[in-house]
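Worksheet: the structure to be examined is printed underneath.
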Amino acid sequence: MSKVTFYPKNKINAIHSLLCKKFVRSMLILCSSLSMISCASTANSEKSAKSAPDWVITGSSASYPKSAYLIGIGTAAQKRSAQIDAINELVSMFGQNISSATNASHRMEMAQSAGLVAHSEAAALEQDLLREVNQNDVIAVEIPEFFESKSEGKFYALAVMSREKGTQIYSGMIEKNQNEISSIIKQISSEKEPNTLLNFSRLDFAEEVAQINEGYLKRLVVLNPSAAKKFDSISTPVQIHKMKTEMAEKIPICVKLSNESEDSDGRVTKAFQEVMSSFGFNTTNGSNERYVIDCKIHFNQSASSNAQTQFCEYALEASLNDTFSGETLIPLSITGREGSPTYQNAQIRAKQKIIARIKSDFSANFQKNFLQDFDFGFTIE
């Protein structure tokens, strides 16, 4: 049987008092700790709220007032995506979205290098970002501020464009481009025979420059309407295209086959005519025209080893020539082979292939070599 120990009443009271004091002390420490945690949390929240710039909270910036700047705010989980989102919001004020990075035509690069056509620059943006967007979309755009919201797990980016700076840049570019367009038109009108393929190509380039200027002017109207009025009379793409169309109608192009018996139905000749007509030119069967498409076509029959398949081997050599200068402007070479149980069907298929290649390849060659990449002999200033 266990032994029970009895303590004097005064000793029990002392122990009870000691335990109460320890409990009270512990509760005070706990409350103090909770209070500190709560205060710290409140302080951190207030600090986080204060660290967010005004444009994140209100959508406007005291540093970049809308009276002097166009602004766009972007948000995304990644910093780069937030940048692009901010730029997209800014350029949407011009009624467009940013497009992917593109390469200018060879003739445009040459003209820009020669200092004849305005070259867009966006030096204020990071190079890796410029590789993802079209530089024409981000002229005069800057991204001066970022904010990372760790609580939200995303980035904020502020894109801005100074109205004053943008007005200066776009006005200068429009004026420079218009000077080049005017120079081209003046040069053409001064020539004794203006209706040539070279001048057609020059007008096509002028139309390209006018299209760029049209985009610049739309932005200037948003930035500074009064400054934009200065350019009410600049050349428009519609006006240049009309001039180009009227010139093309005055440039006849002859299609001539050296062995017409191989094109008895005239479908190969017609294919060349359709290509040139798509650019607005008149086509003829005459022989005294300055521009002639000379064409030779050959078919050759062969068979498989077991003679069950008949083949039609075909070859076409053609070129658009300037008979005045003796130059070959656009060459075309097509070869191939088609098979069928009968040679007649194989030849029909071969001719279909030739016609399809003329419509695709000859058209593309004219567009690329005589228009987009044509070298006018620009001289670098």
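Checking SER99 against (1) closer than 23 Å to VAL222 by Cα; (2) at pLDDT below 90; (3) open to solvent by 60 Å² or more (accessible area, probe 1.4 Å); (4) of a type in the set (Ser, Thr, Tyr), which single condition isn't satisfied?
SER99 satisfies all of (1) closer than 23 Å to VAL222 by Cα; (2) at pLDDT below 90; (3) open to solvent by 60 Å² or more (accessible area, probe 1.4 Å); (4) of a type in the set (Ser, Thr, Tyr) except (3).
Take GLU289 and decide whether it is part of a loop (DSSP other than H, G, I, E, B) and surrounded by 12 or more Cβ atoms within 10 Å (Cβ to Cβ).
Considered against the rule, which asks whether it is part of a loop (DSSP other than H, G, I, E, B) and surrounded by 12 or more Cβ atoms within 10 Å (Cβ to Cβ), GLU289 comes out as yes.
Does ASP265 fit the bill of being among the charged types (D, E, K, R) and not in a strand (DSSP E or B)?
Against the criterion (among the charged types (D, E, K, R) and not in a strand (DSSP E or B)), ASP265 qualifies.
Which one of these is open to solvent by 10 Å² or more (accessible area, probe 1.4 Å), at pLDDT 90 or above and part of a helix (DSSP H, G or I): GLU109, GLU89, GLU145?
On inspection, the qualifying residue turns out to be GLU89.
Here's the yes/no breakdown for (1) open to solvent by less than 70 Å² (accessible area, probe 1.4 Å); (2) not in a strand (DSSP E or B):
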site	(1), (2)
HIS241	no, yes
LYS244	yes, yes
LYS250	no, yes
ILE253	yes, no
SER277	yes, yes
ALA315	yes, no
GLU338	yes, no
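Answer with yes or no whether ASN321 is closer than 13 Å to VAL255 by Cα and either open to solvent by less than 60 Å² (accessible area, probe 1.4 Å) or assigned to a strand (DSSP E or B) (or both).
Yes: the conditions hold for ASN321.
Restrict the check to the range 295-302 and report whether at least one residue is open to solvent by less than 60 Å² (accessible area, probe 1.4 Å), touching a residue at least 40 places away in the same chain (Cβ under 8 Å) and of a type in the set (Gly, Ala, Ser).
no
With the condition kept exactly as written, say whether any residue in the range 203-223 is open to solvent by 20 Å² or more (accessible area, probe 1.4 Å), free of Cβ contacts under 8 Å to residues at least 60 places away in the same chain and in contact with a strand residue (DSSP E or B) (Cβ under 8 Å, 6 or more places away or on another chain).
Scanning the range 203-223 turns up no residue that is open to solvent by 20 Å² or more (accessible area, probe 1.4 Å), free of Cβ contacts under 8 Å to residues at least 60 places away in the same chain and in contact with a strand residue (DSSP E or B) (Cβ under 8 Å, 6 or more places away or on another chain).
Filter the range 259-275 for residues that are open to solvent by 80 Å² or more (accessible area, probe 1.4 Å) and among the small types (Gly, Ala, Ser) and give the result.
Correct list: SER261, SER264.
Search the range 54-82 for residues being of a type in the set (A, V, I, L, M, F, W, C) and assigned to a loop (DSSP other than H, G, I, E, B), and hand back the single one that is most open to solvent (accessible area, probe 1.4 Å).
ALA62
Tell me which residues, restricted to the range 112-135, are modelled with pLDDT of 80 or more and open to solvent by 60 Å² or more (accessible area, probe 1.4 Å).
Result: SER113, single match.
The values are calculated or read from the model by the stated rules, or taken from the named source; none is laboratory data. Since the model is a prediction, treat every value here as computed from it, not as a measurement. Methodologically, a virtual Cβ is constructed for each residue, glycine included, from the backbone with ideal geometry; neighbour enumeration extends over all protein chains shown. For the accessible areas, the whole protein counts, side chains as well, though only heavy atoms, and no ligand, DNA or RNA atoms are used. Shrake-Rupley method; radii C 1.70, N 1.55, O 1.52, S 1.80 Å.
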